[in-house]
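Here the structure comes first, spelled out in structure tokens, and everything after it is commentary.
Please treat every number below as a calculation from the coordinates, not as lab data. A quick note: this is a predicted structure, and the numbers were derived from the prediction, not measured. Cβ sites come from the backbone with ideal geometry, for glycine too, and all protein chains shown count toward neighbours.
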Amino acid sequence: MSGPNTDYDPVEVTPLKADQVEAMREAALAAIADAADLDALKQVRLDHNGDRSPLALANREIGALPPQARKEAGQRVGQARGAINQALAARQAVLEAEHEQRMLAEETVDVSLPTTRRRRGSRHPLTLQSELIADLFVAMGYEVAEGPVVEAEWLNFDALNLGPDHPARTMQDTFWTEPAEDHVVLRTQTSPVQARTMLTRKPPIYVVCPGRVFRTDEYDATHSPMFHQVEGLVVDEGITMAHLKGTLDHFASQLFGDGITTRFRPSYFPFTEPSAEVDVRCFVCRGVDSASCRTCRGEGWIEWGGCGVVNPRVLIACGVDPEVYSGFAFGMGIDRSFMFRHGLEDLRPLFEGDVRFSSAFGTEI
Amino acid sequence: MKAPLSWILDHIDVPAGTTTEHITDRLTLTGLKLEAIESPGRDITGPLVIGRVLTMEAEPQKNGKTINWCTVDVGDANGTGEPQGIVCGAHNFKPGDLVVTVLPGGVLPGGFEIGARKTYGHLSAGMICSSRELGLGDDHDGIIVLPADAGTPGQDVRPVLGLDEETIELEINPDRAYALSIRGIAREVLVSVEGASGFRDPALRDTPPADDLGHPVVVEDAEGCPVFVARRVSGFDPSAPTPDFMVRRITAAGMRPISLAVDVTNYVMLETGRPIHGYDADKVRGALVVRRARDGERLTTLDGTERRLDPGDLVVCDDSGIIGLGGVMGGETTEISGSTTSVLVEAAHWDAVSMYRTGRRHKITSEAGKRNERGVDPTICEAAADRVVELLVEHGGATAEPGVTVVGTPPAQPVVEVAGDLAARVSGMPITEERSVECLRAVGCEVTGSGTLSVTPPPWRPDLTDAQDFSEEVIRLVGYDRVPSVLPTPPSGRGLTRAQQLRRRVGRTLAGEGFVEVVSFPFVGASDLDALGLPADDPRRDVLELTNPLSAEAGSMTTTLLPGVLRAAGKNVGHGNADVALFETGTVTLPRHAGPAAILPVDRRPTAEELAALDAALPAQPLHLAVVAAGDASSGGWWGEARPVSWADAVEAVRSVTDALGLDVTAAAAEVAPWHPGRCAELSVDGEVVGHAGELHPTVCQAFGLPKRSVAAEVDLDLLISRAVHLRQAPAFSSYPVAKEDVALVVDAAVPAADVEAALREGAGELLESIRLFDVYTGDQVGEGKKSLAYALRFRAPDRTLKEGEAATARDAAVALAAQQTGAVQRA
Ligand SMILES: [Zn+2]
């Protein structure tokens, strides 16, 4: 290394000659361009831009130049180093991008692999059906009423105008509990909830009561000792059969599709007078060319439930003044509605707990 | 009720061209629902004619059978007028007989097509038919031989055999007992089918006046038997056959022909609705007495059953004692038999409630009982008895004895006041008072007055007692199909209750956790409780028993949901689905043994006290939640190993529910069936036990067909929901830096981790933000009977950055308290 040139002698410093600096710069740029990967570039950086690189060494010689020459040489070296730094940065970015691309390519997975690592749960379709029905009525302003399934005989029968010797009691094969003198039954209908509602609320009453009910039916494809019903009860001033019809038509269209209506046929229920069987228009064939329809078995209509105008005797037993109020009530099988809505012909899968059944319905129906 | 159409049309005229379907459609819409239209010949098509056997040659066959090669005159029915050659295997006929012949092209029931075919060396062109081949019965006695006057060869045989006779089957509701008769159905046709007219009431006939010459009858219980009519015939020919029309009609109506005398009583019952009883008059000793049975009395009824009678039963006696269960079933001693020549005919009106009770008590269901317990027209006893006498005379060669016994008079019909606009108010249709009166008269009511109508129902309608009953009659005739569709306007509702919303939330949460909901029957038996391993004194063994369960093995209401979900899980495993996770929510029944639920009056609202007592008498029925999981909690695959379910999954399932409800649940060791004694957690919320969770006892797994280490939980969901946090407060949290400290503590293996954590929390003080157990270690490094618990503690102050060493001091305090309370030693 040359010492500081303090005498302003016009000394020649070879490495600082313009052509020399230019050659160093060219060599560096060429090496940068040639660097194939980040490791090579790192070496190039050391070789051409490090402390011991030719340009760094040349830079140290600047002090040996006479003062008037230092500026020029400094600029020359500085420009060369600037160009090299720029090229290094550019090359670094290119190589990094290439590297990342390569890495991402290497990390490619088979996204078609199964991702079923967790169990899928589901809710029971009858729960979903009950909730759906409850929601339809809640949307109309009804509330959902509830009551016990092990029920007082009086509430299940007597209060509903089914006296102890009423022939209709034989229509409903009742599970009785021990001891018999306790007068406790498994409710045969959700109607006791209606009685309970009238006994505990003042009209206007607009409620639906979905729930489990029991009959002593042997378990087979179409009968079950336990099934689900939804009943509705309205008690208000001026309620008529027309309101009942309007409500059930609305219910039918909500559950089975636009334009689906109901048909009333005279029937008998002690709880109501007049009473009607309610048929719902077959939502598959809509009553057109029904002959081959499996859903309604050629009838064009599907038996859906029972309904009627609340018998004034029931109002009296439940403390509602029949001179002021009238009401209607209806009841449908939830299981039955589910069965024909979803094309289930044998009800037993509903109660067998096979996950393959419930899972098919997920968490909404 | 099955009613032959021709029988109905004997009593009512419908406009020409009215189809059966139109009649049944109309009946359905006015309340007699069509179940089926049947006709015996429905499945027969093509030529089915009368044939006269001209010749028959018996030809023995190699197979041992003998066939008859016949020529049969079928008139012009075969198009040629030539005799038809037919092979017949039956032998119960002779040349000259009239037989039923189906010609080629005919189709018999079962789609059996008839053609001309080579058989036994002849071309057999048709078939001579038996009852069975025509679908008319199971008669094996050979082919049908028609009476000599049945008709001429070639004539269609259908009318002769009644093959085209249609029978309509109607569903009869309990309030329309009158329609359990041709009389009642014809009357319904009159009011339902437009243009129907000329109703001929089979119960409207001139009957001989009552006198003292008839069989003596004493009615001691006029309430139970308001009317008793007795008539008598003698010289009856017990071998006289029942006429074909009667056999056909009785059969079509679903009853079995027995003998002329019995068939006549059934025929008249079907026609008029009034059950009749016939006694062999020669076996009756002295006066008939109607009374209630005395305790301990016995009677062997017609069906051969000896019955111990109840003081509520109405009986008919003679000098020999009880000879019949009035209105329900006769006795053996006076039964009509094949040698009966004198018949004592009883047509009596019985108290419906008494009939119902007796029928239930003795488990007798009969056509007579069905009518008597629903209510029969009390005014037609004389007419019905007279009709029986008439038919016995006409078809049985009998002579009507003089003497008509009539005891009692039909009860008077009530007069009911009905508002003239009631039907309009009830139906929402503009029904005028005039129209109402018209409809009421059409169904047989007498109506007087206006504004408020005084209505007397007809005697065959005991169901019409209340004003509203009459509105139904009006509305059904006006037409249920005309009721307009109008939506009422409810007041604004309050939506689902909070409990209802939370129950849905619980279901969704568990479904989200991978559990599948099931619904089980709530019936349980001792064997199920044994399978759970419940000790004898377990409160869950205190079950509410059913009086009439479907199966004795599941004869009670369950106190726990576990048997249901475990059975369902076992079934899934049995179906090859080894990894299964189920949940069920449902009420359980916990008896309170609080005495009877009173039968309250119905003519007023019960008092608040009465209602409270009623509820108190019922068992408690809390809503429970049960979960079960078996096999793998998460399956193995390309991502790694499967994770089998563990006791912790059961606790976690409950925790997912309590989280959803905003509750903290704590677990403590418990020994409760059906769980593994060392792997059962008693779960509590705010110190109150809400249920249990853990691994099932191996024996229980085996009993329910579940793999070992299956897990389950059951909690009182009502209790959880009642404690659910309603309004959650917004949290405050610090944005100052966190300081983390880890500690590893060695404790005796028996010390619950929850206790250690509680001590650490308390000792760490207010700066502790969270604590997490991140490792549990047992092994050589901590020594026999010990375990190491490693906790990550996070400290943070709400209002400042912690000073150097502050967190460490808090940690040391935490460790010190843990050491003091649980004997924990910090691991070096
Ligand atoms: Zn259809």
task: Would you please give the residues with an amide H less than 5 Å from that of residue A:298, counting only those at least 5 places away or on a separate chain, with H modeled from the backbone geometry?
output: A:293
- request: Calculate how steeply helix A:125-140 sits against the longest principal axis of the alpha-carbon atoms of chain A, using the helix alpha-carbon long axis, and give the answer as 0 to 90 degrees to the nearest 10.
  value: 80 degrees
message: Strictly over 32 Å apart at the Cα level, which of B:94/B:118; A:17/A:42; B:363/B:571 would you flag in this model?
response: B:363/B:571
- prompt: Between the helical axis of B:753-764 and the dominant principal axis of chain B, each derived from Cα atoms, what acute angle in degrees is found, rounded to the nearest 10?
  reply: 50 degrees
task: Rounded to whole Hz and in sequence order, give me ³J(HN,Hα) for the stretch B:583-598 from the Karplus expression 6.51 cos²θ - 1.76 cosθ + 1.60, θ = phi - 60°, writing x for Gly and Pro.
output: 9, 9, 10, x, 7, 10, 10, 10, x, 10, 6, 9, x, x, 8, 4
message: Inside 10 Å of the C-beta atoms of A:141-154, what's the mean count of C-beta atoms belonging to other chains?
response: 6
message: Tell me which trypsin sites (Lys or Arg not before Pro) from the stretch B:287-318 have a DSSP coil assignment and no more than 13 other beta carbons within 10 Å of their own.
response: B:294
message: If amide hydrogens are placed 1.01 Å from N in the peptide plane, which non-local residues have theirs closer than 5 Å to the one on residue B:419?
response: B:453
Residue A:139-residue A:36 FRET efficiency (beta carbon distance; Förster radius 56 Å; 0.05 resolution): 0.20
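Looking only at the protein assembly as shown, where both bridge partners belong to it, what percent of the DSSP beta bridges are antiparallel (to the nearest 5)? The partial results should precede the final answer.
Working: 179 of 187 bridges.
Bridges in the protein assembly as shown are about 95 percent antiparallel.
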message: What do you get for the angle between helix B:608-617 and the principal long axis of chain B? Use alpha-carbon atoms, 0 to 90 degrees, nearest ten.
response: 80 degrees
field: Point-charge dipole on Cβ atoms (K/R +1, D/E -1) for the protein assembly as shown, about Cα centre, debye to 20
entry: 2580 debye
query: So, in Å, what gap is there between the alpha-carbon centers of the stretch B:88-161 and the stretch B:333-358?
result: 41 Å
- request: Compute the Rg/Rh shape ratio of the protein assembly as shown: radius of gyration over Kirkwood radius, all on alpha-carbon atoms.
  value: 1.19
- line: In whole Hz, the Karplus estimates of ³J(HN,Hα) for the stretch B:801-806 (6.51, -1.76, 1.60; θ = phi - 60°; x where Gly or Pro) are 7, 5, 7, 3, x, 5
message: So for the stretch B:48-161, averaging the separation of alpha carbon pairs under 8 Å that are six or more residues apart and normalising by length, what relative contact order in percent results?
response: 30 percent
query: To the nearest 20 debye, what is the magnitude of the charge dipole of the stretch B:498-723 about its Cα centre, counting +1 on the Cβ of each Lys and Arg and -1 on the Cβ of each Asp and Glu?
result: 500 debye
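Treating the beta-carbon of each Lys and Arg as +1 and of each Asp and Glu as -1, no other charges, what is the dipole magnitude of chain B about its Cα centre, to the nearest 20 debye?
Numbers: 76 positive and 117 negative charges, 380 e Å.
Charge dipole of chain B: 1820 debye, to the nearest 20.
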field: Highest-MSF residue in chain A out of A:62, A:334, A:260 [GNM, Cα springs under 10 Å]
entry: A:62
query: Between the stretch B:802-828 and the stretch B:721-789, what's the alpha-carbon centroid distance in Å?
result: 12 Å
- prompt: Hey, how many Å between the Cα centroid of the stretch B:680-711 and the Cα centroid of the stretch B:551-627?
  reply: 20 Å
message: Let me check against my output: what whole-number percent is the relative contact order of chain A, with C-alpha pairs under 8 Å and at least 6 apart?
response: 15 percent
task: Specify the longest stretch of chain B that does not include any exposed loop site, a site being one of the chymotrypsin sites (Phe, Trp or Tyr not before Pro) with a non-H, G, I, E, B DSSP assignment and at most 10 other Cβ atoms within 10 Å.
output: B:1-637
- prompt: Unpartnered cysteines of chain A (Cβ-Cβ under 4.7 Å counts as a partner)?
  reply: A:209, A:307, A:318
- prompt: Averaged over peptide B:556-563, how many Cβ atoms belonging to another chain are found within 10 Å of each residue's Cβ?
  reply: 1
